[in-house]
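Below you'll find the structure, written out as structure tokens, and then a few comments.
The values are calculated or read from the model by the stated rules, or taken from the named source; none is laboratory data. Worth saying up front: this structure is predicted, and the values here are computed from it rather than measured. For neighbour counting, all protein chains shown are included, and Cβ atoms are generated from backbone atoms with ideal geometry for every residue, glycine included.
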Amino acid sequence: MQDIEEIGTLISQPKTVLITTHQNPDADAMGSSLGLAGYLRKKGHRVTVVTPTDYPLNLHWMSGNDDVIAFEEKVRVSVSQMMEEADVIFCLDFSSLDRIRELAPMVRQSRARKVLIDHHLEPESFADMALWDPSAASTTELIFRLIVELGEKDLIDIPIAECLYAGLMTDTGSFRHSNTTGNVHRMAAQLLDLHIDVSSIHRRIFDNVTLDKFRLLGYVLNEKLKVLPEYKFAYITLTDAELKRYRSKTGDTEGLVNYALAVEGVVMAAILIDRNEEIRMSFRSIGNFSVRDLASTHFEGGGHRNASGGRSKLSLAETEKKLLSIVPLYQQQLLETV
Ligand code: 5GP
Ligand code: MN
């Protein structure tokens, strides 16, 4: 679905626009939201970005960050009102409303025109128009495509380009995952031509690690990483007490699952985290093995073939048990994956 023309018509006159993205936003979620916000503001729209939860400090450098409203109970009334008053709501980097938590009923009920821009598989059909392409590596790639195809590439200035580059860089694992296409590099090249400082962007995002996060990583690698070679599977569990012990903040557990996947011979990795009265799960895989199938069939989740998430209402121990009973069902597929 590529309703670029319809979206172009919708935003051709200044409007009141609300942009939202998934819970625990990552660099693609924030980069696409703030990149689009910057572009729409230049076109004269009144734009507010609302996130369902807060997000890590290493994303706070993005232009427009200071005006982002991260949902919490005390802003419920004003956010509800904004949703009612918006002419247009952009939903970025997620495809089903259950990923925006408390904002979901507000978006559903709003009379605004809803535009979905996303690269996840199987979108829920709640939007009036969409720019949806699961072959895109990042949502910022789709924001870039939208702006370019509307003939407004000139509106992309350095602050907008930095936001778009950040999402492209992180969702491709710094241009190394299998979603790194020629298009990805062509977009990166065009952003580089604007003289953004890619080294600085990389540093702001990745070399900005708190000591607590590194200590947690050390603990996880030493004590919590389990490898099951018979399934080419590795996983990590983290209890609430462990998170507290390392003063873990939003984003501190991001990337841990990649260490499990990096163990030699491993083709599927998972992390199970006891957080906010549910178990949050992240899955990663290589090659043709689809963690999305596993996450959507067994853990109310989804995402991409090689990177998915899910959740469980069971206890951490029960969730681990459930996962360990499911993995053997995939043994043959796992062993065939190289
Ligand atoms: P992460 O493990 O980094 O949270 O997420 C990996 C990928 O799966 C991301 O693209 C993310 O948007 C997606 N994802 C994470 N959790 C869920 C979920 O509960 N449902 C769906 N549909 N996708 C998810
Ligand atoms: Mn994304």
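Quick notes on this structure:
- Any hit, the stretch 166-187, residues being assigned by TED's automatic domain parsing to the domain that holds L18, more than 16 Å from ligand 1 (Cβ to nearest atom) and touching a Phe, Trp or Tyr at 6+ places or on another chain (Cβ under 9 Å): yes
- Hey, I117 closer than 21 Å to T140 by Cα and within 16 Å of ligand 1 (Cβ to nearest atom) or not: yes
- Test: residue in the stretch 54-64 that is under 22 Å from K15 (Cβ atoms), buried (at least 19 other Cβ atoms within 10 Å of the Cβ), at pLDDT 95 or above and in contact with a Gly (Cβ under 7 Å, 6 or more places away or on another chain): yes
- The stretch 91-110 residues that are within 15 Å of W132 (Cβ to Cβ), paired with ones that are in a loop (DSSP other than H, G, I, E, B) and among the polar types (S, T, N, Q) (beta carbon under 7 Å, 6 or more apart): R99/Q23
- Taking the stretch 111-125 as the range and being on the phi < 0 side of the Ramachandran plot, among the charged types (D, E, K, R) and away from ligand 2 (no atom under 12 Å from the Cβ) as the test, the residues that pass are R111, R113, K114, E124.
- Against the conditions (1) modelled with pLDDT under 95; (2) within 16 Å of ligand 2 (Cβ to nearest atom); (3) out of contact with any Lys or Arg (no Cβ under 7 Å at 6 or more places or on another chain), G302 satisfies every one except (3).
- Inside the stretch 2-18, residues that are part of a loop (DSSP other than H, G, I, E, B), touching an Asp or Glu at 6+ places or on another chain (Cβ under 8 Å) and among the aliphatic types (A, V, I, L, M) make up a count of 0.
- Scope the stretch 120-163; condition within 27 Å of R203 (Cβ to Cβ), within 14 Å of ligand 1 (Cβ to nearest atom) and among the aliphatic types (A, V, I, L, M); matching residues: A136, A137, L142
- All positions within the stretch 35-47 that are farther than 17 Å from L131 by Cβ and crowded, with 21+ Cβ neighbours inside 10 Å: G38, V47
- Selection within the stretch 237-252 - at pLDDT 95 or above and under 28 Å from T172 (Cα atoms): T237, L238, L243
- Total residues in the stretch 19-58 satisfying the condition of being in contact (Cβ under 8 Å) with a residue 60 or more places away in the chain, polar (S, T, N, Q) and part of a strand (DSSP E or B): the figure is 2.
- Residue within the stretch 270-283 that is surrounded by fewer than 15 Cβ atoms within 10 Å (Cβ to Cβ) and over 23 Å from E102 (Cβ atoms) present: no
- Of the numbered criteria (1) closer than 30 Å to Q333 by Cα; (2) over 23 Å from the mean Cα position of the chain (by Cα); (3) surrounded by 15 or more Cβ atoms within 10 Å (Cβ to Cβ), the one Y246 fails is (1).
- D274 meets all of the listed conditions (1) touching a residue at least 12 places away in the same chain (Cβ under 8 Å); (2) among the acidic types (D, E); (3) not in a strand (DSSP E or B) but one, namely (3).
- Of all the listed residues (A137, A104), the sole one being of a type in the set (A, V, I, L, M, F, W, C), surrounded by fewer than 24 Cβ atoms within 10 Å (Cβ to Cβ) and in contact with a helix residue (DSSP H, G or I) (Cβ under 7 Å, 6 or more places away or on another chain) is A104.
- Qualifying positions in the stretch 305-322 - within 15 Å of ligand 1 (Cβ to nearest atom), surrounded by fewer than 20 Cβ atoms within 10 Å (Cβ to Cβ) and either within 19 Å of the chain's Cα centre (by Cα) or touching a residue at least 40 places away in the same chain (Cβ under 8 Å) (or both): R305, R311
- Taken over the stretch 76-93, the criterion of being surrounded by 14 or more Cβ atoms within 10 Å (Cβ to Cβ) and among the β-branched types (V, I, T) is satisfied by V79, V88, I89.
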